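The values are calculated or read from the model by the stated rules, or taken from the named source; none is laboratory data. In this text the structure is predicted, and so the values were computed from the model without any measurement. Glycine also receives a Cβ, built like all others from the backbone with ideal geometry; neighbour counts cover every protein chain displayed. In case anyone asks, the SASA skips ligands and DNA or RNA and just uses the protein heavy atoms, side chains included. Shrake-Rupley method; radii C 1.70, N 1.55, O 1.52, S 1.80 Å.
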Amino acid sequence: MRWLLALALFGMVAMAAAAERLEDKVATRADPAQQYALYLPDGASAKTPLLIVLDPRGRGAMARDLVLDGARARGWGVMSSWQSRSDTQEGITLRALDALLKDSAHVPHDPRRVYLAGMSGTAKTLWVVQPVLRDRIAGLIGSGGARPPELPALQGAPAFFGFAGTTDFNYQEMVALDDALGGAPHRLVVFDGPHGWPASEAFVEAIAWMDVQAMRAQRMPRDAALIDARWQACTEEATTDALARWREIDACIRDLDGLHDISTLRAHATALAASEDVQRLRKQEDRLRDEESRQRRRFEEWRARFSARFVEGRPQSPPSHATTMRELRIANLRKRATDADARIAESAMRQLAWMHAGAAFYLPPMFAGDAERLAALKRLAEATAPP
């Protein structure tokens, strides 16, 4: 069973209290143009954890409501910006975050337990501000956007809970970040779906996981019921996929080390890691990751040719649609997207999603007024659109 179901069995998912505070738009005192949606549990105090959410489209109430079940279950407060943005100047989101951090002084919360959440570009922004806010932020929740590679080497990573959709074009960067975090507290949950936030129930798990990390860091008292719920989920959850099960047990070991006897989990993880099924599936994942990297390079090479409007002073037309389809192997990818093997199908869909995002959203602004190239991008976007 999922961890959130175990939490419910232990009676830890509570109904909203009558005295809770739920407001759709609160203007910050320092700058009324900066607004946020607010949730505070009944009895919010200086011991209440606070989650600040930065939605990539500034959908304050929607993003607050997305995390609301998890916040209610664990007694957290939520501030969700209406001004945060992705795919635009990062300073817009930085100003929104700064405004909410300043206004949090007027919201009852534990200053040692402030958390940030973002998706796509705003998830990347979390890592930009993390070194500056290292002493103020207890953990990060990021979906569909990993730490930007141009940042300096990571030092002193906070607790990080990541999400990635199975067909998210940023899936591989989320997996790479999870691997790179090494000994830091980290967890990656993969959900069925494309680039975006996960469903609301996923945040019940993420927020409860942050409470476990707070116990490990001695920022909150030991909660035996929460530890038992996590243990029950670790020992009872079943899956037919050996690799997924090994990863789940590995995450359980990291989470419960020092809080519960994990000797049986260690033995199970060791046996699974050496199993033929896990070894085979890991090799397949390596192959698919390499294929996705090659396809991205192929797309960048095509983009460079597509963008060349003049060669030796003479105007150039973009590659024909037939050439584009052949060079980018669109037909083959669409066929692989229907493969009976879910891993192969999802990998192909991620490659198509990457090209679709480029053709539909990121490249057109570069060719404003160039009707021929805009038409070509429209055809490519249609050819790579999800089914």
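Numbers below:
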quantity: Glu372 being of a type in the set (Asp, Glu), open to solvent by 20 Å² or more (accessible area, probe 1.4 Å), in a helix (DSSP H, G or I) and closer than 26 Å to Met174 by Cα; calculated: no
quantity: Pair list, Cβ < 6 Å and 6+ apart or interchain, from region 70-84 residues that are more than 15 Å from Ser45 (Cα to Cα) to residues that are among the charged types (D, E, K, R); calculated: Ser80/Arg64; Ser84/Asp55
quantity: Within region 302-351, considering residues that are free of Cβ contacts under 8 Å to residues at least 12 places away in the same chain and among the acidic types (Asp, Glu), the one farthest from Asp192 (Cα to Cα); calculated: Glu312
quantity: Residue in region 300-356 that is surrounded by the fewest Cβ atoms within 10 Å (Cβ to Cβ), counting only those that are at pLDDT 95 or above and among the aromatic types (Phe, Trp, Tyr); calculated: Trp302
quantity: Residues of region 188-208 classified as aromatic (Phe, Trp, Tyr) and surrounded by 24 or more Cβ atoms within 10 Å (Cβ to Cβ), total; calculated: 2
quantity: Residue count, region 229-258 (criterion: open to solvent by less than 20 Å² (accessible area, probe 1.4 Å) and more than 30 Å from Asp341 (Cα to Cα)); calculated: 4
quantity: Region 144-158 - residue that is small (Gly, Ala, Ser) and open to solvent by 10 Å² or more (accessible area, probe 1.4 Å) and, of those, nearest to Leu181 (Cα to Cα); calculated: Ala157
quantity: Options Ala164, Ala153, Ala146: the member that is farther than 25 Å from Asp110 by Cα, assigned to a loop (DSSP other than H, G, I, E, B), among the aliphatic types (A, V, I, L, M) and touching a helix residue (DSSP H, G or I) at 6+ places or on another chain (Cβ under 6 Å); calculated: Ala146
quantity: Flag for Asp110 being assigned to a loop (DSSP other than H, G, I, E, B), under 20 Å from Ala206 (Cα atoms) and touching a residue at least 40 places away in the same chain (Cβ under 8 Å); calculated: yes
quantity: Residue in region 282-290 that is aliphatic (A, V, I, L, M) and either closer than 24 Å to Leu380 by Cβ or open to solvent by 40 Å² or more (accessible area, probe 1.4 Å) (or both) present; calculated: yes
quantity: Helices (runs of 4 or more DSSP H) completely within region 219-311 that count 3 or more residues being farther than 30 Å from Pro364 by Cβ and among the basic types (Lys, Arg); calculated: 242-256, 276-307
quantity: Index of the failed condition, Glu382 passing every other in (1) more than 30 Å from Arg254 (Cβ to Cβ); (2) open to solvent by less than 40 Å² (accessible area, probe 1.4 Å); (3) among the acidic types (Asp, Glu); calculated: (2)
quantity: Given (1) open to solvent by less than 80 Å² (accessible area, probe 1.4 Å); (2) on the phi < 0 side of the Ramachandran plot, number of the condition Glu276 does not satisfy; calculated: (1)
quantity: Residue satisfying condition, being in contact (Cβ under 8 Å) with a residue 60 or more places away in the chain, of a type in the set (S, T, N, Q) and either loosely packed, with under 14 Cβ neighbours inside 10 Å or under 20 Å from Phe161 (Cα atoms) (or both), within set Gln213, Gln218; calculated: Gln213
